[in-house]
1. Within segment 162-175, identify whether any single residue is at pLDDT 50 or above and either of a type outside the set (A, V, I, L, M) or within 21 Å of the chain's Cα centre (by Cα) (or both), and answer yes or no.
2. Any residue at all in segment 92-112 that's among the polar types (S, T, N, Q), touching a residue at least 40 places away in the same chain (Cβ under 8 Å) and at negative phi?
3. Kindly check whether there is at least one residue in segment 29-37 that is more than 22 Å from the chain's Cα centre (by Cα), assigned to a loop (DSSP other than H, G, I, E, B) and not hydrophobic (A, V, I, L, M, F, W, C).
4. Would you pick out the residues in segment 88-107 that are closer than 20 Å to L155 by Cα, surrounded by 14 or more Cβ atoms within 10 Å (Cβ to Cβ) and not polar (S, T, N, Q)?
5. For segment 55-75, name all the residues that are over 19 Å from Q14 (Cβ atoms), hydrophobic (A, V, I, L, M, F, W, C) and part of a helix (DSSP H, G or I).
Amino acid sequence: MLLMTNIDNITCDQVPYLIEELMKLGAKNVHVIPALTKKGRNEYIFLIDSEEEALDSLAEFMALETGALGVRVLRTEHYPFDYEIRKLFVSFRDEAEVPLWEGDISLKIVKGKGQKPLSVRVEYEELKELASYLRKAGLKLSLHELREIIEEKALTGIKNFTADFTEEGSDRTDHTLSSNSKKLCCNDKLKSPYRIKTCFQN
């Protein structure tokens with residue numbers, strides 16, 4: 001279910017605290033939308049995703065912290081997708097093929113009907129740590145660029161494995177990447193986990 005309440009007597013500094021505490025009390029997710037109410041007053045609309053058993057504690061918390069006079073309860077339906085977390089081996093290399101960084105990155109793979117992969121998302125904290133390390137190593141890639149490269153090539157690799165990498169001999173293929181990269185080498189000999197090597201040049 002979705003709990004909704006509008007609050008017009010708090011500052012922006014209080015919002016992160018409220019979100020954190022709501023999550024601790026059992027909220028699955030919390031979204032806060034800045035808005036304008038009557039007479040041009042600023043307010044925040046809280047949308048709190050919750051199970052029914054956490055309703056009382058979440059509503060009472062909002063009343064205690066914000067003085068809310070009530071909480072609207074919206075009965076909703078959720079269409080979930082299956083997903084799995086898999087490890088992707090990535091190697092970033094310089095022009096001399098010397099590794100700048102090698103290791104596993106966690107990916108969340110969202111699946112549709114028939115368990116076909118729909119999308120891939122890199123785990124944010126691992127991506128942030130990798131971006132910081134590569135920046136110190138002299139590889140000028142933004143967080144956004146790094147995410148795009150890994151997610152695009154991982155999804156392409158997953159779909160190609162299903163179509164192309166079914167025979168023992170088909171364990172490697174090269175793809176053209178952007179101008180600051182050299183090649184993408186894939187193999188799926190062990191079938192799971194798959195491995196991808198991406199080689200970059202400055």
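1. Within segment 162-175, none of the residues are at pLDDT 50 or above and either of a type outside the set (A, V, I, L, M) or within 21 Å of the chain's Cα centre (by Cα) (or both).
2. No, that holds for no residue.
3. Yes, because at least one residue in segment 29-37 is more than 22 Å from the chain's Cα centre (by Cα), assigned to a loop (DSSP other than H, G, I, E, B) and not hydrophobic (A, V, I, L, M, F, W, C).
4. L88, F89, V90, F92, G103, I105, L107
5. Correct list: L55 only.
The values are calculated or read from the model by the stated rules, or taken from the named source; none is laboratory data. The structure displayed is predicted, hence computed values, not measured ones. Methodologically, a virtual Cβ is constructed for each residue, glycine included, from the backbone with ideal geometry; neighbour enumeration extends over all protein chains shown.
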